Amino acid sequence: MHISKLTLVNYRNFANATLRFNKGVNTIIGENGAGKSNVLRAIRLMLDDSMVRASYRLDESDFYRGLSSWRGHWIIISVEFDEVSADEAMQALFVHGTGVGGEGGVVDRATYNLIFRPNKQIRMNLAALHDFDMAGMNAILDRITIDDYETLFTGKSTADFSDAAVYRRIVGDFENAMFGRDVEYPELGARIPGTLSVAKEVSFTFIQALRDVVSEFHNNRTNPLLTLLKSKSGQIDPLQFQPIVDQARQLNAAIEGLKDVQTVRSDIVQTIHGAVGQTYSPALLAIKSDLPDEADLLFQSLKLFVGEFDTSHEGSIHELSLGGANLIFLTLKLLEFKYQHERQPLANFLLIEEPEAHLHTHVQKTLFDRIGYAGAQIIYSTHSAHISEVSNVKNVNILGRTGNVCEAFQPSAGLGPDQVGNVQRYLDAVRSNLLFAKSVLLVEGDAEEILIPQMVKQVLGVSLDELGISLINIGSTGFSNVSVLFHGDRIRRRCSVITDLDAAFMDTNSTPEDDADTLAFKGKLIRAQASGAGRKLTLDAEVAGNPWVRPFYAAHTFEVDFVAAGNVDKVVACVNAVYSQAATQTLAMAELRSVDPAQYGRRVLTMANYEGKGWFAIRLGKLVDPRTVIPSYIRQAIVFAHGSFSRQLTFNILKHRLRVNYPDAPIPPAVNTFWERLQQYHEGKIDLQTIRTEAAIALPNDQILAFLGDLQ
């Protein structure tokens, strides 16, 4: 049996989210604040028998934070189990409680729900309202307190809690004050009696985020070594343990009989008699050794010692490195789960929260590449690209946050086996960061990967990371293998594909004056142009109707369009570093400064190929500054990928361009006026169109005007 689906409605930072899981090892990834810990807590509320009963009593802080008011709304946590075993004990648990019957009355799928809702009287009051009676609804809601809520567990539900229409029908439409006339809905499932607890019948281990494991070892309640030892203490043969009990009692007696101990006892008695007299002194005073003679108490005195780097030195836990201590803690918790697993309960679940803290990248990858126990389902959360690399993309849930809204994505949903295989091969430690990104730029080569981030930082004053954009170098033109991830059914994040049309920038017809090198170059241009045109047809067809992916094309190639955009001086400055002969340097500079694409285009490509495109880009990168012009297709790709630019972000970019254009005093009066207007824009007193118009006066001919023109 395994969890196949988890639905969260109005729970913490989730308005309505569905996560899907498979057998074996599953991964939940996402940025900070995306809700990973909340997902694990929701699962624990359903399956972790160690959670105190008070935890099931939710409060105001557990409601979705995007609700205008929590009053009247419901929190629903729904778990669906699949492949329920035909074992008699398993069937007995589910057939009367949570199961959805299969053939022959055998349960093969089960639902288990936690519902936190207003009590029956309040639901009856809302049901009695006439439609659209906003005043009546608000009068009822305003009187509700959290004490008016009840928690119930149900099974055998058929309601699709992820469907907003179902929620409005059962709970109510609060925007229009419309409520159903029923207060109990059979599709919510049957209430599960306290005698049928799923949590009591399964093995469940939770390993919390590894932040301060040394203190965990010092706490008897959380010490994983003590937990392991206690689990074994009950299995000790009393006859085998009796000699240890006898030795402990003899040792206690020996300590008590020491002459110095008896002397101290006598001195205490004499001192207290001398202080208050015998009438008010204790009748008996003894000093006894309290060495325990019970197995579980004796085990509490055992400590773990580790030689982290040297077998000749055994150090205690607090002497280990943070990574070493975390690795030991994680190992003991995994062993604890293994012990539970061996007892063969009805099902086995292991939850691990962000295990990567202080662990070397090789340890992360190796540990979670090998983790797994037959018959157990493992779910771990992470924001480590290295752990994501060894995760099966079919078993990944991505949590994304847009403002206050958190969503859950399944990146392989709807993909065929070949497509999933292609995606899996691309998700190495570098490219897997696209799973964490708010938006993505896919590029085809090293030059774009090196120069685009530098141009953005210098020109806009903010980095791609600050914009929440991940740049992924595909290393080819096979964008489809990765862009397929970004779709309404999968990752609902914007993806810009930046590639070259490779259109010829010179007449490719052969002439009698052409030498062998020129003929070969023209032939290469012809082939590249045909390939680029075909690539455009394919990409345009693939993204048609998909609002999450859009291709952007360089008219020729990145290097040629970089020069054409107005960056010839940057390339000219590299000539002497590329060529050593004066004659070649002079010719190259003249060709680059030519307005003829046939000359500057061929020269810049010759330089890039001669140096190697990556190394040539590194040279250019040293020269990128705020005056470098971002080619229009790259600028538009960035704007699309990022989506809506906030007022604060636009303000920061324009302030940066003011500093670039006017680094020194005195500043012209028109610019001072624009600065005042820019602050008004920042405060929300004027709109984007107004500041766009005024920027054209204060920053004439600056490339930021084209950027502002791209903003919606």
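The values are calculated or read from the model by the stated rules, or taken from the named source; none is laboratory data. No experiment lies behind these values; they were computed from the predicted model shown. Using ideal geometry, Cβ is built from the backbone for each residue, glycine included, and neighbour counts are taken over all protein chains shown.
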Here the residues within the range 152-190 that are of a type in the set (K, R) and either part of a loop (DSSP other than H, G, I, E, B) or loosely packed, with under 14 Cβ neighbours inside 10 Å (or both) are K156, R181
Here the qualifying pairs (Cβ atoms under 8 Å; residues six or more apart or on different chains; first in the range 682-700 and within 15 Å of Y662 (Cα to Cα); second polar (S, T, N, Q) and modelled with pLDDT under 95) come out as A698/T673; L699/N661
Taking first residues from the range 557-581 that are farther than 18 Å from F505 by Cα and second residues anywhere that are among the polar types (S, T, N, Q) and at pLDDT 95 or above, the pairs with Cβ under 8 Å that are 6 or more apart or on different chains are K570/T628
Checked the range 524-583 for anything of a type in the set (A, V, I, L, M, F, W, C), part of a loop (DSSP other than H, G, I, E, B) and under 14 Å from F479 (Cβ atoms); matches are W548
Reported set for the range 458-478 where residues are farther than 22 Å from L620 by Cα and of a type in the set (A, V, I, L, M, F, W, C) is L467, I469
Report task. Might you let me know whether the range 601-613 holds any residue that is aromatic (F, W, Y) and part of a helix (DSSP H, G or I)? Result -> yes
Flagged in the range 400-423 as surrounded by 15 or more Cβ atoms within 10 Å (Cβ to Cβ) and acidic (D, E), in numbering order, are E407
Counting only residues in the range 396-439 that are within 14 Å of the chain's Cα centre (by Cα) and assigned to a helix (DSSP H, G or I), the one modelled with the lowest pLDDT is identified as S432
When restricted to L129, L196, L210, L114, the only residue modelled with pLDDT of 90 or more and closer than 26 Å to L350 by Cα is L114
Exercise. Could you say whether any residue in the range 452-465 is in contact (Cβ under 8 Å) with a residue 24 or more places away in the chain, touching a Lys or Arg at 6+ places or on another chain (Cβ under 7 Å) and either outside the structural domain of L539 (by TED's automatic domain parsing) or surrounded by fewer than 19 Cβ atoms within 10 Å (Cβ to Cβ) (or both)?
Worked result: no
Condition check for R41: farther than 21 Å from L435 by Cβ, basic (K, R) and modelled with pLDDT of 90 or more
yes
